[in-house]
(Lines give C-alpha, C1' and ligand atoms only; values in the text may rest on other atoms or scores of the structure.)
Protein backbone atom coordinates (compact mmCIF):
# COMPACT_ATOMS: atom_id res chain seq x y z
CA UNK A 1 0.00 0.00 0.00
CA UNK A 2 1.24 3.48 -0.82
CA UNK A 3 -0.11 6.74 0.56
CA UNK A 4 -1.16 9.68 -1.55
CA UNK A 5 -0.40 12.73 0.58
CA UNK A 6 -1.64 16.33 0.40
CA UNK A 7 0.62 18.93 2.04
CA UNK A 8 -1.15 22.21 2.83
CA UNK A 9 1.07 25.07 4.00
CA UNK A 10 1.43 28.64 2.80
CA UNK A 11 5.22 28.39 3.08
CA UNK A 12 6.85 26.81 0.05
CA UNK A 13 9.93 26.15 2.16
CA UNK A 14 7.90 24.24 4.75
CA UNK A 15 6.12 22.24 2.03
CA UNK A 16 9.53 21.31 0.63
CA UNK A 17 10.78 20.35 4.10
CA UNK A 18 7.75 18.14 4.74
CA UNK A 19 8.00 16.54 1.30
CA UNK A 20 11.66 15.81 1.91
CA UNK A 21 10.92 14.41 5.36
CA UNK A 22 8.29 12.09 3.88
CA UNK A 23 10.76 10.81 1.32
CA UNK A 24 13.36 10.15 4.03
CA UNK A 25 11.28 8.54 6.73
CA UNK A 26 10.37 5.26 5.12
CA UNK A 27 6.66 5.87 4.55
CA UNK A 28 5.44 4.11 1.38
CA UNK A 29 4.61 7.15 -0.72
CA UNK A 30 2.41 7.37 -3.77
CA UNK A 31 1.68 10.82 -5.15
CA UNK A 32 2.44 13.95 -3.10
CA UNK A 33 0.28 17.00 -3.81
CA UNK A 34 0.75 20.51 -2.47
CA UNK A 35 -1.54 23.44 -1.71
CA UNK A 36 -0.77 26.89 -0.29
CA UNK A 37 -4.13 27.42 1.46
CA UNK A 38 -7.46 25.80 2.18
CA UNK A 39 -9.06 26.79 -1.10
CA UNK A 40 -6.24 25.25 -3.12
CA UNK A 41 -6.45 22.16 -0.91
CA UNK A 42 -10.15 21.69 -1.65
CA UNK A 43 -9.35 22.01 -5.36
CA UNK A 44 -6.71 19.30 -5.02
CA UNK A 45 -9.15 17.07 -3.16
CA UNK A 46 -11.62 17.57 -6.00
CA UNK A 47 -9.08 16.29 -8.52
CA UNK A 48 -7.09 13.57 -6.74
CA UNK A 49 -7.55 10.70 -4.33
CA UNK A 50 -5.70 11.46 -1.11
CA UNK A 51 -5.05 9.10 1.81
CA UNK A 52 -3.49 11.58 4.20
CA UNK A 53 -3.56 15.37 4.57
CA UNK A 54 -0.95 17.38 6.47
CA UNK A 55 -2.41 20.79 7.31
CA UNK A 56 -0.92 24.01 8.59
CA UNK A 57 -3.28 26.20 10.66
CA UNK A 58 -2.32 29.80 9.94
CA UNK A 59 -2.77 30.37 6.21
CA UNK A 60 -4.22 33.16 4.08
CA UNK A 61 -7.44 32.81 2.05
CA UNK A 62 -8.69 29.82 4.05
CA UNK A 63 -6.96 28.65 7.22
CA UNK A 64 -6.44 25.08 8.35
CA UNK A 65 -9.25 25.11 10.89
CA UNK A 66 -11.86 26.11 8.32
CA UNK A 67 -10.42 23.64 5.83
CA UNK A 68 -10.68 20.88 8.42
CA UNK A 69 -14.29 21.78 9.17
CA UNK A 70 -15.13 21.58 5.45
CA UNK A 71 -13.32 18.27 5.08
CA UNK A 72 -15.27 16.76 7.97
CA UNK A 73 -18.53 18.10 6.53
CA UNK A 74 -17.82 16.46 3.18
CA UNK A 75 -19.44 13.12 2.40
CA UNK A 76 -16.38 12.04 0.43
CA UNK A 77 -13.61 13.22 2.75
CA UNK A 78 -15.05 13.10 6.28
CA UNK A 79 -12.94 10.02 7.17
CA UNK A 80 -9.72 11.39 5.66
CA UNK A 81 -6.67 10.91 7.89
CA UNK A 82 -5.48 14.38 8.88
CA UNK A 83 -2.42 15.59 10.78
CA UNK A 84 -2.08 19.22 11.80
CA UNK A 85 1.54 20.37 11.32
CA UNK A 86 1.74 23.78 12.91
CA UNK A 87 3.33 26.06 15.45
CA UNK A 88 -0.11 26.31 17.08
CA UNK A 89 0.29 26.05 20.85
CA UNK A 90 -3.02 27.31 22.17
CA UNK A 91 -4.68 24.59 24.24
CA UNK A 92 -8.03 26.12 23.32
CA UNK A 93 -7.46 25.89 19.60
CA UNK A 94 -5.72 22.52 19.77
CA UNK A 95 -8.73 21.10 21.63
CA UNK A 96 -11.03 22.43 18.88
CA UNK A 97 -8.85 20.79 16.24
CA UNK A 98 -8.60 17.48 18.09
CA UNK A 99 -12.39 17.39 18.30
CA UNK A 100 -12.25 16.81 14.53
CA UNK A 101 -10.29 13.61 15.05
CA UNK A 102 -6.85 14.81 14.06
CA UNK A 103 -3.37 14.40 15.50
CA UNK A 104 -1.00 17.30 16.03
CA UNK A 105 2.67 17.60 15.09
CA UNK A 106 4.24 20.74 16.49
CA UNK A 107 6.78 22.75 14.49
CA UNK A 108 9.70 22.37 14.66
CA UNK A 109 9.36 18.59 14.40
CA UNK A 110 11.68 15.65 14.00
CA UNK A 111 11.33 13.10 11.18
CA UNK A 112 10.58 10.48 13.84
CA UNK A 113 7.68 12.53 15.22
CA UNK A 114 6.13 12.93 11.79
CA UNK A 115 6.66 9.30 10.85
CA UNK A 116 5.22 7.92 14.08
CA UNK A 117 2.18 10.17 13.84
CA UNK A 118 1.60 9.11 10.23
CA UNK A 119 1.75 5.47 11.26
CA UNK A 120 -0.72 6.21 14.06
CA UNK A 121 -3.34 7.98 11.97
CA UNK A 122 -3.11 5.78 8.88
CA UNK A 123 -2.97 2.45 10.68
CA UNK A 124 0.20 1.52 8.82
CA UNK A 125 2.49 -0.74 10.79
CA UNK A 126 6.19 -0.22 11.28
CA UNK A 127 6.67 -3.33 9.18
CA UNK A 128 4.89 -1.67 6.27
CA UNK A 129 7.25 1.26 6.50
CA UNK A 130 10.99 0.99 6.29
CA UNK A 131 12.49 0.66 9.73
CA UNK A 132 15.20 3.21 9.22
CA UNK A 133 14.93 6.91 8.62
CA UNK A 134 17.33 7.74 5.83
CA UNK A 135 18.79 10.93 7.15
CA UNK A 136 21.66 12.24 5.08
CA UNK A 137 24.81 13.19 6.91
CA UNK A 138 24.44 16.49 8.69
CA UNK A 139 20.62 16.48 8.81
CA UNK A 140 18.85 15.67 12.05
CA UNK A 141 15.68 17.61 12.82
CA UNK A 142 13.28 19.75 10.87
CA UNK B 1 8.22 40.94 32.80
CA UNK B 2 10.55 42.40 30.14
CA UNK B 3 13.36 40.12 31.29
CA UNK B 4 10.99 37.16 31.26
CA UNK B 5 9.85 38.08 27.77
CA UNK B 6 13.44 38.35 26.57
CA UNK B 7 14.29 34.99 28.13
CA UNK B 8 11.27 33.44 26.43
CA UNK B 9 12.23 34.96 23.08
CA UNK B 10 15.77 33.66 23.46
CA UNK B 11 14.51 30.18 24.36
CA UNK B 12 12.06 30.01 21.45
CA UNK B 13 14.63 31.37 19.01
CA UNK B 14 17.43 29.08 20.15
CA UNK B 15 15.21 26.01 19.96
CA UNK B 16 14.02 26.97 16.49
CA UNK B 17 17.46 27.74 15.09
CA UNK B 18 18.77 24.45 16.47
CA UNK B 19 15.99 22.10 15.44
CA UNK B 20 14.81 23.75 12.22
CA UNK B 21 18.12 24.97 10.81
CA UNK B 22 20.84 23.04 12.67
CA UNK B 23 22.48 26.28 13.80
CA UNK B 24 23.55 26.46 17.42
CA UNK B 25 23.42 29.94 18.93
CA UNK B 26 24.80 31.50 22.05
CA UNK B 27 23.31 34.61 23.59
CA UNK B 28 25.14 37.78 22.64
CA UNK B 29 25.41 41.01 24.57
CA UNK B 30 23.00 43.77 23.53
CA UNK B 31 23.82 46.59 25.95
CA UNK B 32 26.34 48.93 24.40
CA UNK B 33 27.19 46.38 21.73
CA UNK B 34 27.92 47.04 18.10
CA UNK B 35 25.80 45.03 15.71
CA UNK B 36 26.89 43.51 12.42
CA UNK B 37 25.05 44.67 9.28
CA UNK B 38 21.94 42.64 8.65
CA UNK B 39 21.39 41.02 5.25
CA UNK B 40 17.66 40.46 5.69
CA UNK B 41 14.90 41.16 8.19
CA UNK B 42 11.38 39.74 8.32
CA UNK B 43 8.37 40.50 10.48
CA UNK B 44 5.50 38.24 11.53
CA UNK B 45 2.39 40.02 12.78
CA UNK B 46 0.17 38.28 15.34
CA UNK B 47 -3.40 39.09 16.39
CA UNK B 48 -5.87 37.59 18.80
CA UNK B 49 -5.41 37.53 22.57
CA UNK B 50 -2.87 40.29 21.95
CA UNK B 51 -1.46 42.01 18.92
CA UNK B 52 2.05 42.81 17.81
CA UNK B 53 4.87 41.42 15.74
CA UNK B 54 8.10 39.48 15.95
CA UNK B 55 11.07 40.70 13.92
CA UNK B 56 14.03 38.53 12.96
CA UNK B 57 17.14 39.84 11.24
CA UNK B 58 20.21 37.87 10.19
CA UNK B 59 23.66 38.68 8.87
CA UNK B 60 24.88 37.59 5.45
CA UNK B 61 26.49 34.36 6.64
CA UNK B 62 23.33 33.09 8.31
CA UNK B 63 20.94 33.56 5.39
CA UNK B 64 22.28 30.85 3.01
CA UNK B 65 23.04 28.49 5.90
CA UNK B 66 19.40 28.65 7.00
CA UNK B 67 18.09 27.67 3.59
CA UNK B 68 20.71 25.01 2.96
CA UNK B 69 20.10 23.32 6.29
CA UNK B 70 16.32 23.61 6.23
CA UNK B 71 16.05 22.18 2.73
CA UNK B 72 19.04 19.86 2.78
CA UNK B 73 20.36 21.54 -0.33
CA UNK B 74 23.89 20.79 -1.44
CA UNK B 75 24.25 24.29 -2.86
CA UNK B 76 22.82 27.54 -1.57
CA UNK B 77 19.24 28.08 -2.79
CA UNK B 78 18.52 31.33 -4.60
CA UNK B 79 17.93 34.61 -2.80
CA UNK B 80 14.13 34.30 -2.77
CA UNK B 81 14.24 30.84 -1.22
CA UNK B 82 16.73 32.11 1.35
CA UNK B 83 14.29 34.86 2.34
CA UNK B 84 11.42 32.38 2.44
CA UNK B 85 13.43 30.17 4.75
CA UNK B 86 14.05 33.11 7.06
CA UNK B 87 10.33 33.89 6.98
CA UNK B 88 9.40 30.35 7.95
CA UNK B 89 11.92 30.42 10.77
CA UNK B 90 10.39 33.69 12.03
CA UNK B 91 6.94 32.15 11.79
CA UNK B 92 7.99 29.19 13.95
CA UNK B 93 9.70 31.45 16.49
CA UNK B 94 6.54 33.56 16.75
CA UNK B 95 4.29 30.56 17.20
CA UNK B 96 6.50 29.23 19.96
CA UNK B 97 7.28 32.40 21.89
CA UNK B 98 3.72 33.68 22.38
CA UNK B 99 2.55 30.81 24.62
CA UNK B 100 5.76 31.05 26.62
CA UNK B 101 4.94 34.67 27.44
CA UNK B 102 1.15 34.75 27.53
CA UNK B 103 0.14 31.21 28.43
CA UNK B 104 -1.20 28.22 26.55
CA UNK B 105 -4.87 29.21 26.46
CA UNK B 106 -4.46 32.37 24.39
CA UNK B 107 -5.36 32.02 20.71
CA UNK B 108 -3.46 33.94 18.04
CA UNK B 109 -3.56 34.25 14.29
CA UNK B 110 -0.22 34.74 12.54
CA UNK B 111 0.11 36.65 9.29
CA UNK B 112 2.52 35.53 6.60
CA UNK B 113 6.07 36.87 7.08
CA UNK B 114 6.88 40.14 5.34
CA UNK B 115 9.98 42.29 4.91
CA UNK B 116 10.47 44.24 8.15
CA UNK B 117 11.27 47.46 6.33
CA UNK B 118 13.41 50.35 7.58
CA UNK B 119 14.60 50.51 11.20
CA UNK B 120 13.18 47.05 11.83
CA UNK B 121 14.05 46.98 15.53
CA UNK B 122 12.57 50.34 16.43
CA UNK B 123 9.08 50.48 17.92
CA UNK B 124 6.39 52.00 15.70
CA UNK B 125 3.55 54.21 16.89
CA UNK B 126 1.50 52.44 19.52
CA UNK B 127 4.00 49.64 19.93
CA UNK B 128 6.11 48.62 22.89
CA UNK B 129 9.16 46.45 22.51
CA UNK B 130 8.81 43.74 25.10
CA UNK B 131 11.84 41.64 24.23
CA UNK B 132 15.08 41.90 22.32
CA UNK B 133 17.80 39.29 22.00
CA UNK B 134 20.93 38.62 20.02
CA UNK B 135 22.07 35.17 18.91
CA UNK B 136 25.66 34.55 17.88
CA UNK B 137 26.65 31.57 15.76
CA UNK B 138 29.70 30.45 13.83
CA UNK B 139 28.02 31.63 10.62
CA UNK B 140 27.14 35.12 11.92
CA UNK B 141 24.46 36.55 14.15
CA UNK B 142 20.73 37.11 14.43
CA UNK B 143 18.71 39.80 16.19
CA UNK B 144 15.16 39.19 17.35
CA UNK B 145 12.57 41.50 18.88
CA UNK B 146 8.99 41.12 20.05
CA UNK B 147 6.69 44.14 19.88
CA UNK B 148 3.19 44.33 21.31
CA UNK B 149 0.30 46.77 21.14
CA UNK B 150 -1.28 45.58 24.34
CA UNK B 151 1.20 46.29 27.12
CA UNK B 152 1.74 50.00 27.58
CA UNK B 153 3.53 49.40 30.87
CA UNK B 154 6.36 47.44 29.33
CA UNK B 155 9.62 49.37 28.93
CA UNK B 156 10.98 49.89 25.47
CA UNK B 157 14.63 50.44 26.26
CA UNK B 158 16.42 49.56 23.07
CA UNK B 159 20.08 49.85 22.22
CA UNK B 160 20.42 52.78 19.87
CA UNK B 161 22.26 50.86 17.16
CA UNK B 162 19.54 48.23 17.03
CA UNK B 163 16.75 50.78 17.00
CA UNK B 164 18.40 52.37 13.99
CA UNK B 165 18.32 49.08 12.15
CA UNK B 166 21.60 47.53 13.34
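Please enumerate the residues belonging to region B:54-69 that are touching a residue at least 12 places away in the same chain (Cβ under 8 Å) and either assigned to a strand (DSSP E or B) or within 14 Å of chain A (Cβ to nearest Cβ) (or both).
B:54, B:55, B:56, B:57, B:58, B:63, B:64, B:65, B:66, B:67, B:69, listed by residue number.
What tally of residues in region B:1-30 results from selecting those that are more than 13 Å from chain A (Cβ to nearest Cβ), within 19 Å of residue B:59 (Cα to Cα) and assigned to a loop (DSSP other than H, G, I, E, B)?
4
If you check every pair at least six apart or on different chains, which have Cβ atoms under 6 Å apart with a residue in region A:1-14 that is closer than 17 Å to residue A:123 by Cα first and a residue that is buried (at least 24 other Cβ atoms within 10 Å of the Cβ) and at pLDDT below 95 second?
Listed pairs, sorted by first residue: none to list.
Would a scan of region B:41-53 turn up a residue that is more than 30 Å from residue A:65 (Cβ to Cβ), in contact with a strand residue (DSSP E or B) (Cβ under 7 Å, 6 or more places away or on another chain), more than 9 Å from chain A (Cβ to nearest Cβ) and part of a strand (DSSP E or B)? So that I can check it myself, show each step before the final result.
Initial filter on region B:41-53 (more than 30 Å from residue A:65 (Cβ to Cβ)): none.
Scanning region B:41-53, I find no residue that is more than 30 Å from residue A:65 (Cβ to Cβ), in contact with a strand residue (DSSP E or B) (Cβ under 7 Å, 6 or more places away or on another chain), more than 9 Å from chain A (Cβ to nearest Cβ) and part of a strand (DSSP E or B), so the answer is no.
Any residue in region A:16-26 that is farther than 19 Å from residue B:68 by Cα and either away from chain B (no Cβ under 14 Å) or assigned to a loop (DSSP other than H, G, I, E, B) (or both)?
The answer is yes, given that some residue of region A:16-26 is farther than 19 Å from residue B:68 by Cα and either away from chain B (no Cβ under 14 Å) or assigned to a loop (DSSP other than H, G, I, E, B) (or both).
Considering only residues that are out of contact with any helix residue (DSSP H, G or I) (no Cβ under 9 Å at 6 or more places or on another chain) and not in a strand (DSSP E or B), which ones fall in region A:27-36? Spell out how you get there, then give the answer.
Of all residues in region A:27-36, those out of contact with any helix residue (DSSP H, G or I) (no Cβ under 9 Å at 6 or more places or on another chain) come to A:28, A:30-31.
Across region A:27-36, the qualifying residue is only A:28.
Residue-wise test of (1) closer than 23 Å to residue A:59 by Cβ; (2) more than 10 Å from chain A (Cβ to nearest Cβ).
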site: B:112; (1), (2): yes, no
site: B:116; (1), (2): yes, yes
site: B:127; (1), (2): no, yes
site: B:130; (1), (2): no, yes
site: B:140; (1), (2): no, yes
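Name the helices (runs of 4 or more DSSP H) wholly within region A:37-111 that hold at least 3 residues that are modelled with pLDDT of 95 or more? Walk me through how you get there before you give the answer.
Values: elements: A:38-47, A:64-73, A:91-98.
Correct list: A:38-47, A:64-73.
For region B:27-40, how many residues meet the condition of being out of contact with any strand residue (DSSP E or B) (no Cβ under 8 Å at 6 or more places or on another chain) and closer than 17 Å to residue B:13 by Cβ?
0
Within region B:94-110, restricting attention to residues that are closer than 21 Å to residue B:19 by Cβ and assigned to a helix (DSSP H, G or I), which residue is farthest from the other protein chains (Cβ to nearest Cβ)?
Once the filter is applied, the top-ranked residue is B:101.
Pull up region B:74-93, narrow it to residues that are in contact with a helix residue (DSSP H, G or I) (Cβ under 7 Å, 6 or more places away or on another chain) and not in a helix (DSSP H, G or I), then point me to the one that is farthest from the other protein chains (Cβ to nearest Cβ).
This residue is B:76.
The values are calculated or read from the model by the stated rules, or taken from the named source; none is laboratory data. All values derive from a computational prediction rather than experimental measurement. Positions of Cβ are backbone-derived with ideal geometry, glycine not excepted, and every protein chain shown enters the neighbour counts.
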